[in-house]
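Following: one structure in structure tokens, then a few remarks.
The values are calculated or read from the model by the stated rules, or taken from the named source; none is laboratory data. Because the structure is a prediction, the values reported are computed rather than measured. A quick note on method: Cβ atoms are made from the backbone with ideal geometry, for glycine too, and the neighbour counts reach across all protein chains shown.
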Amino acid sequence: MKVVVGSKNPVKVNATRNVLEKIYGDVTVTSLNVDSEVPDQPFGMNQTVTGAVNRAKNAYSSDFDLSGGIESGLIEVPNTLTVYIDIQWCAIFDGKQITIGASSGFEYPPTVIEQVLEGVEVGDVMDQVTGVDALGQKKGAVSHLSHDMLNRTENTEECVLTAMIPRMNKDIYFTKTNPGI
């Protein structure tokens with residue numbers, strides 16, 4: 001199985017490898033830096049899912065069996081005052097069919113959101129808060145905020161796994177009316 005991930009971020013690449021090796025066994029994972037075609041800091045489910053799909057499609061070529069795109073974005077919680085949940089979305093593409101999955105989400109502190117709403121990327125704010133350069137390419141904000149009870153790789157694995165569920169159950173997801181893959 002040959003797979004390409006539409007990002008050079010080692011967390012996204014390792015999470016994809018970890019999940020797909022459990023499903024397929026022998027997997028070769030390559031990474032490409034591709035454009036998500038959404039803002040660097042996606043807001044809302046539409047921008048975030050679109051970014052994941054674009055990454056998967058922009059990374060895909062016939063040299064690969066699958067491509068993966070992972071995008072993290074802030075989703076505003078309705079009926080709250082500036083509560084935003086970070087959720088990662090994964091799109092898996094095989095040249096024909098896209099399958100989508102999401103990670104569990106977590107709330108960012110209000111002080112972080114205030115700066116993000118002023119135009120600063122959440123990763124840059126979290127680097128300042130934690131004093132760790134490129135935190136998002138290492139253990140991630142979720143690890144810092146959960147006191148290492150959930151690390152970024154595990155959180156990213158969730159969205160990869162949930163995007164693979166339809167592919168792991170083709171007989172009930174892809175039928176005559178929805179041929180899928």
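Assorted remarks:
- Single residue of the range 102-120 satisfying the filter (assigned to a loop (DSSP other than H, G, I, E, B) and within 30 Å of LEU20 (Cα to Cα)) that is nearest to the chain's Cα centre (by Cα): SER103
- Among the candidates ASP65, ASP127, ASP86, residue that is of a type in the set (D, E, K, R), closer than 21 Å to THR28 by Cα and either touching an Asp or Glu at 6+ places or on another chain (Cβ under 8 Å) or buried (at least 22 other Cβ atoms within 10 Å of the Cβ) (or both): ASP65
- Scanning the range 92-101 for any residue that is part of a loop (DSSP other than H, G, I, E, B), surrounded by 22 or more Cβ atoms within 10 Å (Cβ to Cβ), within 14 Å of the chain's Cα centre (by Cα) and at pLDDT 95 or above turns up nothing.
- Within the range 18-32, the residues that satisfy the criterion of being part of a helix (DSSP H, G or I) and buried (at least 19 other Cβ atoms within 10 Å of the Cβ) are VAL19, LEU20.
- Where a residue in the range 101-121 is within 25 Å of LYS12 (Cα to Cα) and of a type in the set (D, E, K, R) and its partner, wherever it lies, is modelled with pLDDT of 90 or more and assigned to a strand (DSSP E or B), with Cβ under 6 Å and at least six apart: GLU107/ILE85
- Selection status of LYS57, in a helix (DSSP H, G or I), touching a residue at least 60 places away in the same chain (Cβ under 8 Å) and among the charged types (D, E, K, R): no
- Flag if ASP35 is more than 15 Å from the chain's Cα centre (by Cα) and assigned to a loop (DSSP other than H, G, I, E, B): no
- Residue in the range 143-152 that is of a type outside the set (Gly, Ala, Ser), assigned to a helix (DSSP H, G or I) and surrounded by fewer than 20 Cβ atoms within 10 Å (Cβ to Cβ) present: yes
- Some residue of the range 6-15 being within 14 Å of the chain's Cα centre (by Cα), surrounded by fewer than 22 Cβ atoms within 10 Å (Cβ to Cβ) and part of a strand (DSSP E or B): no
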